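Below is one structure, written out as structure tokens; comments come after it.
The values are calculated or read from the model by the stated rules, or taken from the named source; none is laboratory data. Predicted model, so just to flag it, every value in this text is computed and none were measured. Cβ placement follows ideal geometry from the backbone for every residue including glycine, while neighbour counts extend to all protein chains displayed.
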Amino acid sequence: MRVRSNSEGLRLNNILNQGGRSVGVWIRGTLQRITRTSNPQDPVDISPITDEPQKIIEDPPAAIETFEQLLEEQRLCEANLALIDRENQLFGKLTEEEAHKHHAEEIEKLSADRRALEKQLQHTLQQSLSLRLEEVTDEAVVSPLILTSAVKAIHQEEEQDLQRKKLGSRPLSNWKKLHDSILHGLVEDRMDNPSVAPAGPAGQSSIQVDIQSMGRQLKEDLLLVVNVLKSCYPPEANICQFYAKLYHQSLSNRLRNIAEFALDDKDCTSILRWVNEYYPGILKKPEIASEIDSAELGKLLPQNLLDCLEKQYLETQQAELSTCMNLVLEEEKKKWMEEQQPPREDGCYASPLAYDIIQFINGKVTVAEKVTGSQQKAQNITRQLTDLLQRFKALQEDIIKQNKIHSKAHVKANLGGVEQFRDILQRKGYLFPDDVREKSLAVLSDMKQSAHTYLLSPVHKYLKPQYQKLGTSDWLKKDRLFENLLSSIETELQDLEGLSQSCHQEVIGVFHQEVTREYVKRLLRGEVKLKDREHQQKAAIAVMNNAESFHKLFKEMGSKEDWLKEILTHIAEVLKLQDIPALQMQIVSLGHDYPDLSEKHVSALLKLKTNVSREDRQKVKATLSDTREGSNGGVEHRPFFSKVVVK
């Protein structure tokens, strides 16, 4: 422990006698220096003070900085502490009236110093959004260190105001309110006069330029807040959220004022994009999202204004989409009326109608979802698609009805368009309301069926004489009859050239089903009577061979309907079997796989076997009825027999 010398005692006396110097300030400074320079772990020297001369190592006295020096150095926190010490020393236990009576001059000096500090504090806060991390040389710009000191001073004053409230006599500083008010004014000024130039395309309206400038200013300032200003405040201040609220409210007020006036479509779209896309995008930036609760901020505009803007926007987009679709359809009509053959792509007839309309729809709905912030609202602009497809269907019906030289080519091109529409409706169903999607698919299904019928009817008409020989005695005796049918099918289907690969495959599959039904229908007519086991065995072999030939031919042509072979195989087994229980099992199996098999079909098939009695036929049909009652109605099966008409 250092021994106080006579010279140190004289220095203390001199300090006590100094005018205008607070003893409390000196004592506090001295204690702080002792605290900073002492190590609590060092042993304490408690040797007694004696009059004997001792060798003393004495530090030079530390200069006590004045309030003016602290203020000049912008050490606002320390300057405020000095004022608080002076205030506490002056008032002590006196009332404000007593203090003014005995220390009027000192109190006036304290008030003047506080006003000076407050002025410096205001200047510092007003420069908050101009902070620099590097060393500051410009006196007009503050550093994070200075702002941190100012924030601490404000916190000190909050605590001091609590003490003043308890005493009830001293005036409050309310620096926290001052802080909030200054930052509010600072944000308003920056949003009124953004320094960030817009980066949008030329030709923007003044409203678009203003909104974009404000938005970019908001983005840059919030990034400054989270990256720099946050470190100047204690965590409990939640300064990032505070600034976010100020900017949110400021931008909200300005957008509201703009939105209350009649806007053209571009300005309307611009406001909606900022509300639903750009502004939320700023708040979702990782560095900002980690510090700001965007859900607490809410929407930039009240719902009533948003509803009006969205209605204007969606009606405009719906009208534009409708116009585009009508133009494309009219172009297709024009080509047909002028008897132009549709163009080919990779050897296939193609129509740009579906592709162009799908591009319009996809682009419009995708953008509309961003602009409105709602997939459901964006879908509504496609509501006129069903009407367009109805008119597309009417055009195809006219093409089929007139049956001109290029009709088949146009129908083939249309089938490609139908496939494209179906694909977008099924794969990207979210682009359309559910009812529009369902109605549109129904229209497309009708168009496809109509096109298939138009393309395949001439083939069936040509093959009809050969169909008529199926199921006859000649059919069983002469293999060449069936071979001729296969050859004619292969030749006639070459007329389907020009369809896209997927459409060709589908048409071939449809024809495969129709030919198989025609085969079964002719067989069930009963023109051939199978009197005994030998005839039935021969017929079964013929059906099995025919099934294999059909399967091979149509598979080579692209059909994927392999299941049709199994139907003929089942029928062949019924023709071959002689035992009633075995026949019952075969009918049960056929009925399970194809629930549209009726008792009429079973009866017609069994009548081919003339050696099966009426009573036995009833037993077999009863088995089918029992199977129906115990079957699972929820299982889906491909229809076949329901389209095979028997008497």
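Screening residue 334 with (1) within 23 Å of residue 422 (Cα to Cα); (2) over 33 Å from the mean Cα position of the chain (by Cα) gives one miss only, at (1). Scan region 192-201 and give yes if some residue there is more than 21 Å from residue 84 (Cβ to Cβ), in contact with a Gly (Cβ under 9 Å, 6 or more places away or on another chain) and among the polar types (S, T, N, Q), otherwise no. No; the residues of region 192-201 include none that is more than 21 Å from residue 84 (Cβ to Cβ), in contact with a Gly (Cβ under 9 Å, 6 or more places away or on another chain) and among the polar types (S, T, N, Q).
State all residues of region 532-556 that are basic (Lys, Arg), surrounded by 14 or more Cβ atoms within 10 Å (Cβ to Cβ) and under 60 Å from the mean Cα position of the chain (by Cα); if no residue qualifies, say none. Within region 532-556, 555 is the sole residue that qualifies. Restricted to region 557-592, and to residues that are under 18 Å from residue 615 (Cα atoms), free of Cβ contacts under 8 Å to residues at least 24 places away in the same chain and not in a helix (DSSP H, G or I), which residue is farthest from the chain's Cα centre (by Cα)? Residue satisfying both the conditions and the ranking: 579.
Among the acidic types (Asp, Glu), part of a helix (DSSP H, G or I) and in the same structural domain as residue 405 (by TED's automatic domain parsing) - does that describe any residue in region 345-365? Yes, the conditions are met somewhere in region 345-365. Residues that are aliphatic (A, V, I, L, M) and surrounded by fewer than 20 Cβ atoms within 10 Å (Cβ to Cβ) within region 486-525 comprise 486, 496, 510, listed in sequence order.
Each row is one residue, and each column tells you yes or no for (1) in contact (Cβ under 8 Å) with a residue 60 or more places away in the chain; (2) surrounded by fewer than 19 Cβ atoms within 10 Å (Cβ to Cβ).
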| site | (1), (2) |
| --- | --- |
| 373 | yes, yes |
| 383 | yes, yes |
| 388 | yes, no |
| 402 | no, yes |
| 412 | yes, no |
| 415 | yes, no |
| 425 | no, no |
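Take residue 529 and tell me if it is under 28 Å from residue 460 (Cβ atoms), of a type in the set (D, E, K, R), surrounded by fewer than 18 Cβ atoms within 10 Å (Cβ to Cβ) and free of Cβ contacts under 8 Å to residues at least 12 places away in the same chain. For residue 529, the condition - under 28 Å from residue 460 (Cβ atoms), of a type in the set (D, E, K, R), surrounded by fewer than 18 Cβ atoms within 10 Å (Cβ to Cβ) and free of Cβ contacts under 8 Å to residues at least 12 places away in the same chain - is not met. Scanning region 226-241 for residues that are without any contact (Cβ under 8 Å) to a residue 60 or more places away in the chain and either assigned to a helix (DSSP H, G or I) or not assigned by TED's automatic domain parsing to the domain that holds residue 296 (or both) yields 235, 236, 239, 240, 241.
The sole residue among 397, 320 that is among the charged types (D, E, K, R) and more than 19 Å from residue 447 (Cα to Cα) is 320. Counting only helices (runs of 4 or more DSSP H) wholly contained in region 255-317, the ones carrying 3 or more residues that are over 19 Å from the mean Cα position of the chain (by Cα), surrounded by 15 or more Cβ atoms within 10 Å (Cβ to Cβ) and touching a residue at least 40 places away in the same chain (Cβ under 8 Å) occupy 265-273. Among (1) closer than 25 Å to residue 647 by Cβ; (2) under 55 Å from the mean Cα position of the chain (by Cα); (3) surrounded by 21 or more Cβ atoms within 10 Å (Cβ to Cβ), which single condition is residue 598 missing? Only one criterion in (1) closer than 25 Å to residue 647 by Cβ; (2) under 55 Å from the mean Cα position of the chain (by Cα); (3) surrounded by 21 or more Cβ atoms within 10 Å (Cβ to Cβ) is unmet by residue 598, namely (3). Report whether or not residue 396 is more than 37 Å from the chain's Cα centre (by Cα) and at negative phi. For residue 396, the condition - more than 37 Å from the chain's Cα centre (by Cα) and at negative phi - is met.
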